[in-house]
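Asker: Quick one: the structure is below, and I'll ask about it shortly.
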Protein chains: 2
Amino acid sequence: MQTSPLPHASPIPDDASLPEETLFSGKWLTLKKRGRWEYASRNNPGGAVIILAVTPDDKVIFVEQYRVSILANTIEMPAGLVGDLEGAEDEDVLLAAERALEEETGYACGRMEFVHEGPSSSGMSTEMIAFARAWDLKKVGKGGGDETENIIVHEVPRSEAGKWLFDRAAEGFSIDAKLFAGLWFIEHPEAHKR
Amino acid sequence: MQTSPLPHASPIPDDASLPEETLFSGKWLTLKKRGRWEYASRNNPGGAVIILAVTPDDKVIFVEQYRVSILANTIEMPAGLVGDLEGAEDEDVLLAAERALEEETGYACGRMEFVHEGPSSSGMSTEMIAFARAWDLKKVGKGGGDETENIIVHEVPRSEAGKWLFDRAAEGFSIDAKLFAGLWFIEHPEAHKR
């Protein structure tokens, strides 16, 4: 959250100084309002992390599951919520990424590298999504998610991954554009280094 | 929305056949629930469209604004809601893209090409985001958005755009990863063609 003005930044609207109101609190999400702006927040404070995972034989790992919100099968990259386990609310994003990668895909990684964090839809949500690159993958289990999930793992040669995603979209799978961001990060492994 | 099973798709959970409940209806957003899944929906039916815009001198166009939901200045690509104008609820996504591009950046385009559509955050939202590529740009106005917006336009040489985004993130700007998806689409202009 930004606390002081940025150089040459666009002006801060008056609404930003108004108090935040809660319109409705659900079990997982809360609908909020500040001035004339409405937005949804996750009740777990840590956001979510997407894992950029490439196997030793240069295949990108995708996971397929059914999403009730949009009534559609999706292709995604492995991902997990940060701090959603009781007693581990301050879980580190990279630890959450390691846990989600192993749960969903059965791969452990030698090293997890932070790449980026940003809003998933800043016009309507406070959700922040991080991206982490998993290095030195090693198969240690079968994956498939926890007991509430039915996850199918796909491993796609890196050079064909973009075309493969568009082929799945043409079949009717719902594809979040963040997957193409993931491919960009994989293709430009130095870009985030400062 | 998917109406029949996909080949080899992950199983459809029982919750998908339960009725959708409305938890709270706001002016712009509605919080909904189906089974144990909660999610937010925009009240305008058409979703949003992000415009991939490269000027004749090969610069990528970004827009900067303040987002009240996350209390932060963001860098985004030009974008607009589809069907949010009264009397134009069935507005075509490419027309909405042309309108938003000109309003925000002052550029008209000779042709707008559909690239992709997918969920922005399928775990918590029904929002669908489209991407469209604007071709043959021509400056026709000053841009800056409508009367409720304060938008600053940035034009960044295409080869430096990724680094420029990470530099802005390091300064404190909030950067949606979909911008890197936008760069991937710009770098792979044939990938979506079937």
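The values are calculated or read from the model by the stated rules, or taken from the named source; none is laboratory data. Computed from a predicted model, the values in this text were never measured in an experiment. Neighbour counts are summed over all protein chains in view; Cβ atoms, including those assigned to glycine, are modelled from backbone coordinates with ideal geometry. Calculation scope for accessible area: heavy atoms of the full protein, side chains included, ligands and nucleic acids excluded. Shrake-Rupley method; radii C 1.70, N 1.55, O 1.52, S 1.80 Å.
Asker: Out of (1) in a helix (DSSP H, G or I); (2) touching a strand residue (DSSP E or B) at 6+ places or on another chain (Cβ under 7 Å); (3) open to solvent by 70 Å² or more (accessible area, probe 1.4 Å), what's the single condition that is false for A:W164?
Answerer: Only one criterion in (1) in a helix (DSSP H, G or I); (2) touching a strand residue (DSSP E or B) at 6+ places or on another chain (Cβ under 7 Å); (3) open to solvent by 70 Å² or more (accessible area, probe 1.4 Å) is unmet by A:W164, namely (3).
Asker: Let me ask you something else. Return the pair list, or none, for Cβ contacts closer than 7 Å from residues in region B:74-85 that are farther than 21 Å from A:A16 by Cα to residues that are of a type outside the set (A, V, I, L, M) and crowded, with 23+ Cβ neighbours inside 10 Å, at least 6 apart or on different chains.
Answerer: From region B:74-85, the pairs are B:M77/B:F62; B:M77/B:G182; B:P78/B:E104; B:P78/B:T105.
Asker: Here is a list: B:F131, B:F180. Which entry is closer than 30 Å to A:R194 by Cβ, without any contact (Cβ under 8 Å) to a residue 40 or more places away in the chain and within 12 Å of chain A (Cβ to nearest Cβ)?
Answerer: Being closer than 30 Å to A:R194 by Cβ, without any contact (Cβ under 8 Å) to a residue 40 or more places away in the chain and within 12 Å of chain A (Cβ to nearest Cβ) holds for just one of B:F131, B:F180, which is B:F180.
Asker: I'd like to verify a number: residues in region B:24-41 that are open to solvent by 60 Å² or more (accessible area, probe 1.4 Å) and either closer than 15 Å to B:S121 by Cα or of a type in the set (D, E) (or both), how many?
Answerer: The qualifying residues number 1.
Asker: Test A:E187 against the stated conditions and say whether it is without any contact (Cβ under 8 Å) to a residue 24 or more places away in the chain, within 15 Å of the chain's Cα centre (by Cα) and surrounded by fewer than 23 Cβ atoms within 10 Å (Cβ to Cβ).
Answerer: So A:E187 does not fit the description; no.
Asker: Checking the structure you have, find out if any residue of region A:177-188 is in a strand (DSSP E or B) and modelled with pLDDT of 95 or more.
Answerer: no
A quick yes/no check of all residues on (1) more than 13 Å from chain A (Cβ to nearest Cβ); (2) among the small types (G, A, S); (3) farther than 29 Å from A:I70 by Cβ:
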position	(1), (2), (3)
B:T55	yes, no, yes
B:A72	no, yes, no
B:M77	no, no, no
B:E127	no, no, no
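Asker: Looking for whichever is more than 8 Å from chain B (Cβ to nearest Cβ), in contact with a Lys or Arg (Cβ under 8 Å, 6 or more places away or on another chain) and under 23 Å from A:A132 (Cα atoms) here; the options are A:G46, A:G106. Which one fits?
Answerer: Going through A:G46, A:G106 in turn, just one is more than 8 Å from chain B (Cβ to nearest Cβ), in contact with a Lys or Arg (Cβ under 8 Å, 6 or more places away or on another chain) and under 23 Å from A:A132 (Cα atoms): A:G106.
Asker: Please enumerate the residues belonging to region B:49-68 that are under 27 Å from A:S17 (Cβ atoms) and open to solvent by less than 10 Å² (accessible area, probe 1.4 Å).
Answerer: B:F62, B:V63, B:E64, B:V68
Asker: Inspect all residues belonging to region A:110-128 and state whether any of them is assigned to a helix (DSSP H, G or I), out of contact with any helix residue (DSSP H, G or I) (no Cβ under 6 Å at 6 or more places or on another chain) and in contact (Cβ under 8 Å) with a residue 24 or more places away in the chain.
Answerer: no
Asker: Failed condition for B:G83, given (1) out of contact with any strand residue (DSSP E or B) (no Cβ under 8 Å at 6 or more places or on another chain); (2) of a type outside the set (D, E, K, R); (3) more than 27 Å from A:E171 (Cα to Cα), with all others met?
Answerer: (3)
Asker: Still on this structure, I have one more. State all residues of region B:141-157 that are modelled with pLDDT of 90 or more, within 17 Å of B:P56 (Cα to Cα) and open to solvent by 50 Å² or more (accessible area, probe 1.4 Å); if no residue qualifies, say none.
Answerer: B:E155
Asker: What residue, of A:E113, A:E98, is closer than 30 Å to B:E171 by Cα and under 14 Å from the mean Cα position of the chain (by Cα)?
Answerer: A:E98
Asker: Quick one: in region B:1-36, of everything that is acidic (D, E) and at pLDDT 95 or above, which residue is nearest to A:F62 (Cα to Cα)?
Answerer: Here is the first cut: in region B:1-36, the residues acidic (D, E) are B:14-15, B:20-21.
Filter once more, keeping what is at pLDDT 95 or above: B:20-21.
Working: B:E20: 29, B:E21: 31 Å.
So the residue we want is B:E20.
Asker: Just checking, how many residues over region B:123-140 are more than 14 Å from B:G80 (Cβ to Cβ) and open to solvent by less than 10 Å² (accessible area, probe 1.4 Å)? Walk me through how you get there before you give the answer.
Answerer: In the first step, residues of region B:123-140 are kept if they are more than 14 Å from B:G80 (Cβ to Cβ); the result is B:123-126, B:133, B:135-140.
Going one step further and asking which of them are open to solvent by less than 10 Å² (accessible area, probe 1.4 Å), we end up with B:124-125.
So the count comes out to 2.
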